[in-house]
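Take a look at the structure below.
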Amino acid sequence: MSTSVPSTVRSATGTRPRRRRQFIPPQHGAWAMLLVPWLAAVLTVGLRWPHLPLLGAWLTGYLFSYYLLQAVKTRRPGRVRAQLWTYGAPTALLGGLVLLLRPELLWYAPAYAALLAVNVVHARRRTERALGNDLASVAQSCLMVFVCATVAGQPPGTVGTVFLAVAAYFIGTVLYVKTMIRERGNSTYYRASIGYHIISAALAAFLGLALLGVFLLLLVRAAVLPRHRLTPKQVGVTEILASVLLLLATTI
């Protein structure tokens, strides 16, 4: 008697992972850039219930923008129409609710529109890995710190230190990850990464001892790890640990 799995079962079980991959971007590092600024700000100003629909709109908005940029890049929007509807609808609903509660958030719209325009230009040119595009994405992410403060009814200055720490961390991460993967062995990128981390550590000295300790560790990471051959997964694990340390330091 044959023990092979029927073709219909193989087809059904194989379809689910493929369909999941069609709706979840293969950009694992993006989740830290989405969650860390939101968490750092909320831990600083205190959780308010509008922060929850804000987080939902933030996550679905990222997913919507990813597939929107895919449509721009490929010039074939029909291929991602299902994803655009799937993520566009909740983004509009949740974002609309937050704006209804905090209409002053519209002040951030021009900044986000300008930064998204940078992403669109790079998508059209197929240069998404360019440093300028990465920095535009970092800026979008870090602005969420101020957005969370506004949602909580707090002035931007309340989270100024958090913004500087998160921005310094993610800019450094962009440079460091390039030295580990796409620009591995590039001495110019390596020197730029080391120089940047020295400057950010000096800045952290004015932000508090806990943050100084974290940024000194990040400097060591940027100097030592590019000399070793780590897999992308191992690089990702180190960044998870660094993100946790940063969150702890911003709350002390």
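Taken together, Cys142, Cys148 contain a single residue that is over 14 Å from the mean Cα position of the chain (by Cα), surrounded by 17 or more Cβ atoms within 10 Å (Cβ to Cβ) and touching a residue at least 40 places away in the same chain (Cβ under 8 Å), which is Cys148. Pairs are defined by a Cβ separation below 6 Å, a sequence spacing of at least 6 or placement on different chains, a first member in region 233-251 that is within 19 Å of Leu164 (Cβ to Cβ), and a second member that is surrounded by fewer than 18 Cβ atoms within 10 Å (Cβ to Cβ) and not acidic (Asp, Glu); the pairs so defined are Ala249/Ala210; Thr251/Leu43. Residues of region 53-99 that are touching a Pro at 6+ places or on another chain (Cβ under 8 Å) and hydrophobic (A, V, I, L, M, F, W, C): Ala57, Leu63, Ala71, Leu84, Leu94, Leu97, Val98.
From the residues in region 221-242 that are of a type in the set (Val, Ile, Thr) and closer than 22 Å to Ala40 by Cβ, which one is most open to solvent (accessible area, probe 1.4 Å)? Applying the filter and picking the extreme gives Ile240. Beta carbons closer than 8 Å, at least 6 apart along the sequence or on distinct chains, pair a first residue in region 105-133 that is within 18 Å of Gly95 (Cβ to Cβ) with a second that is of a type in the set (Phe, Trp, Tyr) and buried (at least 16 other Cβ atoms within 10 Å of the Cβ) for Tyr108/Phe146. The set of residues from region 191-220 being out of contact with any Phe, Trp or Tyr (no Cβ under 9 Å at 6 or more places or on another chain), open to solvent by 60 Å² or more (accessible area, probe 1.4 Å) and not in a loop (DSSP other than H, G, I, E, B) comprises Arg191, Ile198, Ile199, Leu209, Leu216, Leu217, Val220.
The lone criterion from (1) at pLDDT below 95; (2) in a helix (DSSP H, G or I); (3) surrounded by fewer than 14 Cβ atoms within 10 Å (Cβ to Cβ) left unmet by Lys73 is number (3).
The values are calculated or read from the model by the stated rules, or taken from the named source; none is laboratory data. Here the structure is a predicted model, which means the values were calculated and not measured. No Cβ is skipped: glycine too gets one built from the backbone with ideal geometry, and neighbour counts run over all protein chains shown. Just so you know, the surface numbers come from the protein's heavy atoms only, side chains and all, with ligands and any DNA or RNA stripped out. Shrake-Rupley method; radii C 1.70, N 1.55, O 1.52, S 1.80 Å.
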